[in-house]
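The structure appears below as structure tokens.
Just so it is clear, none of the values below were taken in a lab; they were calculated from the coordinates. This is a predicted model, so every value here is computed, not measured. So basically every Cβ, Gly included, is an ideal-geometry build from the backbone, and we count neighbours across all protein chains shown.
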There are 2 protein chains.
Amino acid sequence: MEELANRQAYHHGDLRSALIETGLHLLKTKAHGDIGLREVARETGVSATAVYRHFPDKDALMRALALAGYEKLFDAQEAAAAAKSSREESFRATGQAYVHFAVANPALFGVMTKYMSDAPGEEARARAAQARPGVSLRENIASLLPDGASKRAQDVVAIQAMALVHGLAQLVLGGQIPNDPDLINAAVDQFGNWRRVQD
Amino acid sequence: MEELANRQAYHHGDLRSALIETGLHLLKTKAHGDIGLREVARETGVSATAVYRHFPDKDALMRALALAGYEKLFDAQEAAAAAKSSREESFRATGQAYVHFAVANPALFGVMTKYMSDAPGEEARARAAQARPGVSLRENIASLLPDGASKRAQDVVAIQAMALVHGLAQLVLGGQIPNDPDLINAAVDQFGNWRRVQD
DNA sequence: ATTGCTGAGTTAACAGTGTCAACATAACGA
DNA sequence: TCGTTATGTTGACACTGTTAACTCAGCAAT
């Protein structure tokens, strides 16, 4: 029986990975709305309480999914920036990649923002992964500033860049601004323009 | 008995208002996390199913709360902008008011973004109220553009302004950037600077 | 090899949720 | 005064996250 085989497989410890995998799969097809602990357990072909052998509670499972999402997002940003040569083009690519990732994976992005926010005693790896997309933007934008720019100026510009792409993503997902790639890209691009003339 | 008096009062039709009121009260004290239909009914001193005489389902109740929130936000923006004289100062004030409102009412703001997004067949009043804060920003920012600015340029700048303030709010609430009013205000202010030099 | 322990899964149950159906009753117009 | 209708009620259903008690595979040590 394949069930027996699966159960034996899970017994070696890859149930945790399997849960995350089906979780990501569910989020890919959901588009909107939350995902349930029982739902992912059921879809994995395992009892609901089996989840608790690998995660202390639902939040922990969702944070693991969020972590996987942030890693995917970071990969997408790197891939987008790799093709570009200039620093400015790299910044634009990473920013646009952020928004496009959110639009392409709305449910996953929702989980990322909902469960990764303010992670209290999370492991260092998780916090690092979450911060990476922001750091990515931060480095690219900092390289565009004048050499003598103050740390304060760098902070402000970095925060603006993060807020711009995060806000764009959220507004498009919320339907408050149309999902028009040209418009989105223009909004990101002109931020780069701004930086060049700024103080 | 006050209970009897309340029930009689509700019978005249102000239960709907009462539910919204206690809902807003609950959101004020919650800080984080969702609110429940049964919870607000219980707190109002009424049975859970009574809610269904005034709202078709939980989503409708939450959208009503979101609507009330948007109206409050708009009032806060107007109050902040009223004191200012120049258009540029008005824009800054409305933008900062947006972020500060979100930080001051995190749970309510969460409901606004979660339930007001993509309202399908909502009444015109609701959509209008939701759009008002954005319109507020839009008008203020448009007035800063050169007279001959294309509609496209206006759209892009308006979207950037909305994304900036919305993103700032979300990032502060998520703990991804520190809740430092000076930093936030600086981020909003320098967006105004940018506009002035832009093409 | 048997024994016993531990890790990883199971079922059963509990509190809580949103929602529906059936019932009660207050308020008002004929 | 008497229905009718709007506005409440209780009871139930399916679902959720979570806990407790149980089963049992697989490995370590005698």
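Using a 10 Å cut-off on Cβ to Cβ distances, tally the other chain neighbours for every residue of A:174-182 and report the average as a whole number. List each step's numbers first, then the result.
Details: counts 9, 5, 11, 7, 2, 0, 2, 0, 2.
Mean inter-chain Cβ contacts per residue within 10 Å come to 4.
Considering only C-alpha atoms, what is the centroid distance from the range A:56-105 to the range B:29-59, in Å?
Here the two parts' Cα centres lie 37 Å apart.
Take the alpha carbon gyration tensor of the range A:33-160, find the square roots of its eigenvalues, order them as a ≥ b ≥ c, and report rounded if a/c is under 1.5; if not, report prolate when a/b exceeds b/c, else oblate.
Verdict is prolate for the range A:33-160.
Assigning unit charges at the beta carbon (Lys, Arg +1; Asp, Glu -1) and nothing else, what dipole magnitude in debye, to the nearest 20, does the protein assembly as shown show about its Cα centre?
Values: 44 positive and 48 negative charges, 15 e Å.
I would put it at about 80 debye.
Could you please state, rounded to a whole Å, how far the C-alpha centre of the range A:127-142 is from the C-alpha centre of the range B:159-181?
What the calculation gives is 16 Å, centre to centre.
In Å and on Cα atoms, what radius of gyration and Dmax does the protein assembly as shown show?
Gyration radius and largest Cα-Cα distance of the protein assembly as shown: 23.0, 77 Å.
Please enumerate, by chain and number, the lysines with C-alpha under 18 Å from the C-alpha of B:Lys114, excluding those fewer than 8 residues away in the same chain.
Once the sequence-local lysines are set aside, what remains near B:Lys114 is A:Lys30, A:Lys114, B:Lys28, B:Lys30, B:Lys58, B:Lys72.
Lys and Arg at +1, Asp and Glu at -1: add these up for the other residues within a Cβ distance under 10 Å of A:Leu183 and post the number.
Neighbourhood net charge equals -2.
According to the square roots a ≥ b ≥ c of the eigenvalues of the Cα gyration tensor, what is the shape class of the range A:137-195, taking rounded for a/c under 1.5, prolate for a/b larger than b/c otherwise, and oblate for the remainder?
Prolate.
State to the nearest 20 debye the size of the charge dipole of chain A about its Cα centre, where the only charges are +1 on K and R beta carbons and -1 on D and E beta carbons. Write down the numbers at each step before the final one.
Numbers: 22 positive and 24 negative charges, 51 e Å.
The calculation lands at about 240 debye.
Per-residue ellipticity at 222 nm for chain A, helices alone: DSSP H runs ≥ 4 residues times -39500 (n - 2.57), over residue total, nearest 500 deg cm²/dmol?
-24000 deg cm²/dmol
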